Amino acid sequence: MCHAVSSYKKKPMTAAAFSADGSVLAVAAETVITLWDPVNNMLVAVLGEMQMPIVTLSFAGNSDYLLAISRGSKPQLSVWSMSKLSESWSYKLDIEDVSCAKDSSSFAVLALLPKSSTFMGSNEPNFQGKDGVILLFNATDPVPLAMWSVRKAKGGGLAFLKGNSPSFQQQSIADGKSPQALLAYINADHEYILFGPYDNDARELSMTRGKDRVAVDETAQYGYASIYGELPQFEMKRDQTLLAPYAPLQRPWETIFSGSSHNLLPLPKLCLEFMESLLERRITLFFFFLNAWGVSLL
């Protein structure tokens, strides 16, 4: 059931997020951030105003930092401190997606690269044809912890995953490290890349469309086959030798009305067939008696 209904100056609510402990509900009222007590339905605070409408709000893990993403002609990524109720830092970035680590204040954003030749102080032209960049941050520091340039970023997404795969655990143990979370990037063509964001070299771990992955995808079963198995192969060519010879019914009026009602023809059609069958039968009998009597119509 509905617990409460609230509004703020008749502005559209465009995004919302709960804090990790559920004690604070942050709601974007178009270009401002409102903080609410969800239990008592009370407005606690209103944070500054951004130039463009806010489309995404997310708390950075279990920290007291709130991420706000706005889009439009002047896109922006802003990090707000809930303890100070003020903006900590921001970047003018066109953010496509954001993902926050669960047990820390780390978060990653997928930003679309501008058409200019430089990005965040880098002099590398257009990142060699790549149109997006993944930035890993700690909410307390505006300097990125790691950065990867990627392709097909428009329509892509990010997600933190637990590093519990056997291969990743073995690699971490071999490197003398405890398993950490992985960062997964999915591009617009549904290809994914896994990153080890907390390694010293922040290396790229794997990517789909490899030789071993293609073989698995080609043999995978989908839809009906995944539930009931493969369907038997039917031969479309009919064997004429197996067909029984066709013979018309001698008394069609006895079976023409037999069968389920939903399978029968419309009543006018049935009546027409019925009357024609009787008429044909009577004509046959009439000519039979004429021949028997030696009467010719010629």
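Read-outs: derived from the displayed coordinates by stated rules, not from any lab. Small disclaimer: the values here were computed from a predicted structure and weren't measured. Using ideal geometry, Cβ is built from the backbone for each residue, glycine included, and neighbour counts are taken over all protein chains shown.
Of Val44, Val133, Val5, Val39, how do they rank once you tally other Cβ atoms within 10 Å and put the fewest first?
The fewest-first ordering by Cβ neighbours comes to Val5, Val39, Val44, Val133.
Given points 7 Å out from each Cα along the Cα-Cβ axis, report the Lys130 to Ser23 separation in nanometres with one decimal.
Going by the 7 Å Cα→Cβ label model, 4.0 nm.
Which order results if Met42, Met50, Met13 are arranged by neighbouring Cβ count within 10 Å, fewest first?
Met42, Met13, Met50
Residue separation times 0.36 nm, minus the C-alpha to C-alpha distance between Asp189 and Tyr8: what's the value?
Working: separation 181, 0.36 × 181 = 65.16 nm, distance 3.95 nm.
Gain on stretching Asp189 to Tyr8: 61.2 nm.
For Lys102, what charge total do you get from the other residues with a beta carbon under 14 Å from its beta carbon, if Lys and Arg give +1 and Asp and Glu give -1?
Value of the local net charge: -1.
What pairs from Lys74/Lys115; Lys10/Lys154; Lys11/Lys74 go past 22 Å between their alpha carbons?
From the list (Lys74/Lys115; Lys10/Lys154; Lys11/Lys74), the Cα-Cα distance tops 22 Å for Lys10/Lys154.
If neighbour count is taken as other Cβ atoms inside 10 Å, put Lys154, Lys84 in order from fewest to most. Before the final figure, lay out the partial values.
Working: Lys154 12, Lys84 9.
In increasing order of surrounding Cβ atoms, one gets Lys84, Lys154.
Quick one: net charge around Leu25, please, counting Lys, Arg +1 and Asp, Glu -1 for every other residue with C-beta under 15 Å from its C-beta.
-3
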